[in-house]
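Working notes for the structure below.
The values are calculated or read from the model by the stated rules, or taken from the named source; none is laboratory data. Predicted, not measured: the structure shown is a model, and the values here were computed from it. Cβ: placed from backbone, ideal geometry, glycine included. Neighbour counts: every protein chain shown. All accessible areas refer to the heavy atoms of the entire protein, side chains included, with ligands and DNA or RNA removed. Shrake-Rupley method; radii C 1.70, N 1.55, O 1.52, S 1.80 Å.
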Amino acid sequence: MKAYSNRLFLFYIILTGSILAVLGFVLGQLFPFYIEKFFIENNIKIDDYQLDYFKKQFAFVMNLCLIVAFIFICLVTSRLIRNLLDPIDNITQTARELTKGNYRARAYAAGPASIVDLRNSINLLARNLQEIEKLKEIEDERLKTLIENMGSALIMIDREATVSIVNRQFLDGFELQLDEVRGKNFLTLGLPEKLEKFIDHVFLTELPYRKQIEIVVNHEIQYKQVYGAPVVGEHGRWLGVVIVMHDISELIRLEQIRKDFVANVSHELRTPITSIKGFSETLLDGAFKDEQMLISFLDIIYQESNRLQMLIEDLLELSRIEQHGFSVKIMPTSLQDVLNRAVELTIPRLVEKNMQFQIDADQDVIIAGDFNRLIQVFTNLITNAITYSPENTTISLRIKQSDRFGIIEVEDQGIGIAKNEIARIFERFYRVDKARSRNSGGTGLGLAIVKHIIEAHQGKIQVESTVGKGTCMKVLIPLQRNLN
């Protein structure tokens, strides 16, 4: 606008200067003729010297008047142009601010009625846009609060298959960060294959789709009720898809427990009960008369009754732990003390198989834990390591520390666990080697109990295993200083 004002001012100055120059030229040509005519008509005698003097005086006065008139016209023109264009420039600047999203900008131009009307219209538009922006901010905040606090995971993917919206539940569920997700293609996020196929299906069909899927996250099987739908904007424009996932793992787990409990317990109880009943009947039929057979049968009955007792006690223990009121007594606890006690309790079984411990626990770590419950955890893990390892091998026990956790690793040189089984080893009654675990007296409930106790400590258990080489169980318990 300033450049336009300068060009307009220059145009008027050149036009005015040209007019005054022409006027001065015309007057300069006509004045000598009229002055001579004036002297002749009035019989005034004047010599050439005086005539030249009059011409010079006239030329001086005329030029002075023209210069003064030119300067005056320049000043008046400049003021008129400024009064005309400055309000328009102010309104233009205000309009530019509005296009940039600065809805607080206001025009303060004064001038003719048309300029004032234009200013008022711009200011009214700015106020309306500001109100719309406030409403939009409120709606955006409500939508953001709703998305972030909804109990289900949500992700919205645009037409280019890049993530545009994602909530905290989704990020936490797959251990992702917002910077790793937003603006990235969903196929590069490392999502479970079944979920990627579900999203592809919604993209291809552009129709609502609902399905229950089973995925593995951190070696843990999770069940999701997934709903996908296309996002359609104004005029039917397809914008992408939105995926909502409800975690129904707990419902599935409870339903599965309800279905399998009777079958599993019956299966586990059948062997000891059958043995007790069978040997008892044999004794009653007359076998008790053979003292050696009597002692052998009674020993078997005693062992099977112990096994039956262990199974019932583990079931009761797991039932107590799974109750919502279960809690652990959190206090500063030495991992060295916990590990040493667990070693003392399991070393007899180690000696039976001619195995040995390799302990790397020179640095003690103080964690926030329940001493007795942690002994239960590591006794179980070490016992499993011994059970599933061949004779003359080594069990490695290590104490480590990270920024947030105290860590104990229990590593064996046993049979290992296949990758597709790692996610299931914490299920009730699940056994990697069913024959060996039953023969060793295991109930199949130990790792389920271990997992619940670790979760009650707000900790984690990680499993690394190679079939035929061994398994490493890594238990992470929060440090004392990180206790909330």
Inset, instruction - Order the peptides 193-206, 373-386 from the highest to the lowest mean number of other Cβ atoms within 10 Å of their residues. - result: 373-386, 193-206
Inset, instruction - Mind putting a number on the dipole of the range 104-241 about its Cα centre? Charges go on the C-beta only, +1 for Lys and Arg and -1 for Asp and Glu, and I need it in Debye to the nearest 20. - result: 480 debye
Legend entry - Amide H within-cut-off set for Leu239, under 5 Å, with H built and near neighbours excluded: Val231, Val232, Gly233
Legend entry - Net lengthening on full extension, Gln225/Met150 (0.36 nm per residue, minus Cα-Cα): 25.5 nm
Inset, instruction - Would you mind working out the magnitude of the charge dipole of the range 138-204 relative to its Cα centre, with +1 at each Lys and Arg C-beta and -1 at each Asp and Glu C-beta, to the nearest 20 Debye? - result: 140 debye
Legend entry - In order through the range 287-295: 3J(HN,Hα) via Karplus (6.51 cos²θ - 1.76 cosθ + 1.60), integer Hz, x for Gly, Pro: 5, 5, 5, 8, 4, 5, 5, 4, 5
Inset, instruction - Using a Förster distance of 30 angstrom, determine the FRET efficiency expected from the C-beta separation of Leu207 and Glu175, and round it to 0.05. - result: 0.45
Legend entry - Extension gain, Val216 back to Val116 (0.36 nm per residue minus Cα-Cα distance, nm): 29.2 nm
Inset, instruction - Sort the range 340-416 into rounded, prolate or oblate with this rule: let a ≥ b ≥ c be the square roots of the eigenvalues of the Cα gyration tensor; rounded if a/c is under 1.5, and if a/c is not under 1.5, prolate when a/b is larger than b/c, oblate otherwise. - result: prolate
Legend entry - FRET efficiency, Asp403 to Glu234 (Cβ-Cβ, R0 45 Å, nearest 0.05): 0.35
Inset, instruction - Quick one: compute the contact order of the range 292-428, relative version, from alpha carbon pairs under 8 angstrom and 6+ residues apart, as a percent. - result: 23 percent
Inset, instruction - Amide H neighbours of Ser389 under 5 Å, at least 5 residues apart or on other chains, H built in the peptide plane: list them. - result: none
Legend entry - Stretch gain in nm, segment Asp89-Ser327, where the contour uses 0.36 nm per residue and the Cα spacing is subtracted: 78.5 nm
Inset, instruction - Apply 1/(1 + (r/R0)^6) to the Cβ-Cβ distance of Asp362 and Thr274, taking R0 = 41 Å, and write down the FRET efficiency to the nearest 0.05. - result: 0.25
Inset, instruction - Enumerate the residues in the range 102-135 having an amide nitrogen under 14 Å from the point lying 7 Å beyond the Cα of Arg96 toward its Cβ. - result: 102
Legend entry - Inter-label distance for Ser319 and Arg127, nm, one decimal - labels placed 7 Å from Cα along Cα-to-Cβ: 7.3 nm
Legend entry - Heavy-atom surface of the range 133-186, accessible at 1.4 Å and reported per residue (Å²): 64 Å²
Inset, instruction - Take the alpha carbon gyration tensor of the range 281-390, find the square roots of its eigenvalues, order them as a ≥ b ≥ c, and report rounded if a/c is under 1.5; if not, report prolate when a/b exceeds b/c, else oblate. - result: oblate
Inset, instruction - Show the residues, 5+ positions off or on another chain, whose built amide H is closer than 5 Å to the amide H of Phe405. - result: Leu479
